[in-house]
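One structure is given here, and the rest of the page talks about it.
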Amino acid sequence: MIGAMKIAVSCGGTGGHMYPGLAVAAELLARGHEVGVVLSGRSVESERTGGGLPRGAAVLPVRIPRPSARRPLSVFAWAGASIPARRALRAFRADALLAMGSYTSLPPVLAARSLGIPVVLHEANAVPGKAVARLARFARAVCVCFPGMEKRFAPGTRLVKTGLPLRSEFARGVGGSAPSDGAFRLLVMGGSQGAKGLNKLVAEAFGLATRTDPAGLARRRVKIVHLAGRAGEEEARALWAASGAAERGVGIEVVGFESDMARRYAEADACVSRAGASSCFELALAGVPAVFVPLPHLAGDHQSRNAEAFAGAADLVSQEDPDAPAKLLAALFALADDPALRAARREKMLAFAPDAPAARVADVLERLPA
């Protein structure tokens with residue numbers, strides 16, 4: 001397509017979809033296009049946008065209820081949201097729709113299909129979510145982040161490797177750049193879905209160190225910033241108190257919510273995190289060596305597949321492994337003891353972060369055939 005376009009962006013109902021979608025919206029606006037952001041009415045959307053959208057973006061409100069197997073009628077309400085989605089896209093006079101995945105993608109994509117509006121999908125994970133997998137046949141292109149995605153889609157699906165658009169405040173290579181007193185600075189990102197198991201595992205690992213190698217723990221001068229989430233903050237404090245790590249010289253700061261993630265990445269020599277796509281690629285862009293602990297029992301075990309794609313750049317520890325605390329501790333102490341290893345991992349992580357992914361997605365939209 002040539003000239004300014006009107007592009008609707010369905011960001012999805014979670015932070016992992018919202019931030020990338022808004023990053024593309026901002027890029028499109030900067031290029032002179034009109035953008036309408038489809039919002040489904042979930043509270044997470046207002047939380048993630050901070051009460052605002054990229055300057056100049058229009059809001060296309062389309063209430064999209066979450067389907068539930070426990071409430072069979074909810075499926076009809078979910079699919080029925082394609083009717084107000086159709087009205088919103090028609091009123092906006094959209095030339096194209098970008099859908100970032102999640103259950104909120106289906107009604108806008110069906111609406112766009114019925115109106116003859118070209119659709120581009122974005123899949124963040126190494127295993128496509130149900131929405132993207134099922135809707136790919138309606139799309140002119142599917143933007144992906146991981147290699148080898150051809151085997152995940154039907155033959156003939158046009159795939160474009162763009163990477164995952166991230167918030168603009170994340171500077172490339174910022175990881176570990178803040179002044180240090182020589183301590184090993186560990187960031188623990190447990191304030192997300194399924195955080196409880198991760199929070200417990202990290203505290204157990206350091207509890208193991210206090211029992212088996214207290215002198216080594218003190219010698220390494222570990223400082224931990226634990227992002228536990230508001231709901232998990234008090235429990236995380238209790239877990240650390242029970243670990244005895246503070247008595248062995250470990251500095252521990254438990255944070256319920258952090259708005260300045262760029263600062264936390266700059267202060268981190270390494271990170272323990274789940275392996276959601278946003279976490280993986282933020283750490284890659286920042287160049288922070290990571291130990292990924294995938295959230296178990298997700299559809300397609302996609303977090304494990306995400307983490308496996310970072311082989312050589314990050315370690316993977318299964319939460320369900322009986323030896324998980326010892327393996328996590330060994331991975332972290334290897335990084336703490338070897339600055340050369342950290343530097344090598346940093347470079348390998350950076351290699352996984354493509355340049356300008358939001359611009360790459362915008363390019364796909366601009367090059368749609370008229």
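Only the coordinates and a few stated rules stand behind these numbers; no lab work does. The structure presented is a predicted model; accordingly, all values stated were derived computationally and were not measured. Ideal geometry is used to build each Cβ from the backbone, glycine not excepted, and the neighbour counts take in all protein chains shown.
Based on the Stokes-Einstein relation at 4 °C and a viscosity of 1.567 mPa s, and on the Kirkwood radius from alpha carbon pairs, the range 184-351 is assigned a translational diffusion coefficient of 83 µm²/s.
Between 0 and 90 degrees, the angle of helix 233-243 with respect to the longest Cα principal axis of the chain falls at about 30 degrees. The orientation-averaged projection of the convex hull spanning the C-alpha atoms of the range 273-336 amounts to 4.2 square nanometres. Axis angle, to the nearest 10 degrees, between helix 339-351 and the longest C-alpha principal axis of the chain: 0 degrees.
Relative to the longest principal axis of the Cα atoms of the chain, helix 277-286 runs at roughly 60 degrees.
For the chain, a crude dipole built from +1 on the beta carbon of Lys and Arg and -1 on the beta carbon of Asp and Glu, taken about the Cα centre, is about 1400 debye to the nearest 20. Residues whose amide H lies under 5 Å from that of Val35, counting only those 5 or more places away or on a different chain, are Ile7, Ala58; hydrogens are built 1.01 Å from N in the peptide plane. Taking each DSSP H run with n ≥ 4 as -39500 (n - 2.57) and averaging over every residue of the chain yields -12500 deg cm²/dmol at 222 nm.
Measuring gaps between exposed loop sites in the chain (GluC sites (Glu not before Pro); DSSP loop; at most 13 other Cβ atoms within 10 Å), the longest gap, sites not included, is 1-168. Remark on Cys143: its backbone amide H falls under 5 Å from those of Leu121, His122, Glu123, Val160, a criterion applied only to residues 5 or more positions apart or on other chains, H modelled at 1.01 Å from N.
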